[in-house]
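Report on the structure given below.
Rule-based calculations on the coordinates, nothing more; no lab input. None of the values given here were measured: they were computed from a predicted structure. Reconstructed Cβ throughout: ideal geometry from the backbone, glycine too, with neighbour counts over all protein chains shown.
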Amino acid sequence: MQLKVKQFIRKKVEEINKEAGDRTTLVATSGGVDSMTCAVLAHKALGRRAVILFIDDGLMREDDEAKARRELKPFGIKLKTLTAQGDFFRVLKGKDDPEQKRKAFRQIFYQTLSKALKRSKAESLIQGTIAADIIETKAEIKTQHNILSQIGIDPKKRFGFKVVEPLREIFKYQVRRVAKDLGFSRRVYQQMPFPGPGLATRVLGEVTPGKVKILRRVTSIVEEEIAELKPFQAFAVLLNDKATGIKKKKRSFGNIIVIRSVESKDAMTASVTKVPWRILERMRNRIISEVPQVVKVLFDITPKPPSTIEYI
Ligand code: XMP
C-alpha cells in the first residue's frame, strides 16, 4: 500500500478528535516508534486532554523512559510515569509457558492502564497496535500484548474503557514514514522494534527481577555494538538452561545468552543479519567481562519462518 503520509496524519488527527470529543484520553507509550507516533497524533488532536503515560513495568531497557521523555519534550509533551514493577513481576512469578506469560502480561498491563485511566478521568486509551500485531495474533502464532477486540475481547466489558488504534492498518515501515513526517528525530523513527511485553519476551522460563537485570545489561551491550550495522532488530535472549564455565579459574555453572539479529521489512518474515565476526567477538568479550553471571554466548542463525523473531 502506497501511504499518503500527510493525508494519513490529517485523517487520524480528525478521527482521534471525533472519538475523544471533549474527554481526556490516555496514550500508553513505551518510547517505541508506534506508541510515540500515537502520542504525537493524540497531542495534535487533543492537546492537554491527551495524557501520555509510560508504564514502568520493570521489563524495559536501561534508557527507555529517559529516551521517551527526551524525545517527546520538543513536541511540548510532558511524559507521566506510573511505576508498577511489583505488580508485573507478581503475575509473572512461577509462569514458564510462553502463552501463559503473554496472557498474564496482557492482563496486568490493561488492569494497570484501567487504574491509570480512572485516575486521569479518561474514558479511552490510544495505543500503537500495527497491522502485523493483528495478523499474527489472529493467526494464533502468538498473543501480542495489545490485541483485544480483534480476538473477541471487548475492552469496555473486560477493563472498562474503549481502545483506539490509529495505526492498525499500517506496517512498521509506514509508521516510520509517519513518525518522520511528524518531526521525530532519526533516533525515534529509525529505531528497532521492541515488543510491548519488553524483556519478558526474551527471558525463557520464569521471568524474575534477577534474570531481567542480567538481560537488561546484556541488551545494552548488544545494541551498542551492533548499532553500526543498523539491523531491523537485534537483541539478546536469556536461556532457561545453564552451562558449565570457568570464571576466575573456578567452575561456574552460569547463564547462556543468545544474540539474535534479523533483517525484515514488515516483521512478517525475516532473514538473519550477516554480522561480521569482529562485531560478534566484541559483543562476546564485553558480555563475558561485564556480566559475570554469563558463561556462554551463542548466535542464532534461524530465519523467520520457521523461527519467529522473539523467543516466546
Ligand atoms: P515475532 O516474534 O512474532 O515478532 O516474529 C514480530 C514483531 O513483533 C514484535 N512483537 C511484539 N510487539 N507486542 C508488541 O508490541 C508483543 O506482544 C510482541 N511480540 C512480538 C517483535 O519484536 C517483532 O518486531
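For the stretch 289-312, a residue qualifies if it is within 18 Å of K265 (Cα to Cα) and either away from the ligand (no atom under 16 Å from the Cβ) or in contact with a Ser or Thr (Cβ under 9 Å, 6 or more places away or on another chain) (or both), and the qualifying residues are P303, K304, P305, I309, E310.
Taking the stretch 111-124 only, how many residues are within 16 Å of the ligand (Cβ to nearest atom) and either surrounded by fewer than 23 Cβ atoms within 10 Å (Cβ to Cβ) or farther than 18 Å from S35 by Cα (or both)?
Initially, the stretch 111-124 is screened for residues within 16 Å of the ligand (Cβ to nearest atom), giving 112-113.
Among the residues that remain, those that are also either surrounded by fewer than 23 Cβ atoms within 10 Å (Cβ to Cβ) or farther than 18 Å from S35 by Cα (or both) are: 112.
Selection size over the stretch 111-124: 1.
Need pairs with beta-carbon distance below 8 Å; first residue in contact (Cβ under 8 Å) with a residue 60 or more places away in the chain and on the phi > 0 side of the Ramachandran plot and within the stretch 41-52, second β-branched (V, I, T) and surrounded by 23 or more Cβ atoms within 10 Å (Cβ to Cβ); sequence gap 6+ or separate chains. Correct list of pairs: empty, since none qualify. Taking T201, is it within 24 Å of D64 (Cα to Cα) and in a loop (DSSP other than H, G, I, E, B)? Criteria not met by T201.
Criterion first (out of contact with any His (no Cβ under 6 Å at 6 or more places or on another chain) and either of a type in the set (F, W, Y) or farther than 30 Å from M268 by Cα (or both)) does G86 satisfy it? First the steps, then the outcome.
Details: out of contact with any His (no Cβ under 6 Å at 6 or more places or on another chain): yes; either of a type in the set (F, W, Y) or farther than 30 Å from M268 by Cα (or both): yes.
Judged against the criteria, G86 is a match.
So, in the stretch 191-222, exactly how many residues are more than 17 Å from Y311 (Cβ to Cβ), surrounded by fewer than 20 Cβ atoms within 10 Å (Cβ to Cβ) and either within 14 Å of the ligand (Cβ to nearest atom) or among the aliphatic types (A, V, I, L, M) (or both)? Break it down into steps so the answer makes sense when it comes.
First pass over the stretch 191-222, keeping only residues more than 17 Å from Y311 (Cβ to Cβ): 191, 209-210, 213, 217, 220-221.
Applying the additional criterion that residues be surrounded by fewer than 20 Cβ atoms within 10 Å (Cβ to Cβ) yields 209-210, 213, 217, 220.
Next, from what is left, pick out any that are either within 14 Å of the ligand (Cβ to nearest atom) or among the aliphatic types (A, V, I, L, M) (or both): none.
Count: 0.
Among the residues of the stretch 82-106, those that are within 16 Å of the ligand (Cβ to nearest atom) and either of a type in the set (G, A, S) or outside any helix (DSSP H, G or I) (or both) comprise K95, D97, A104.
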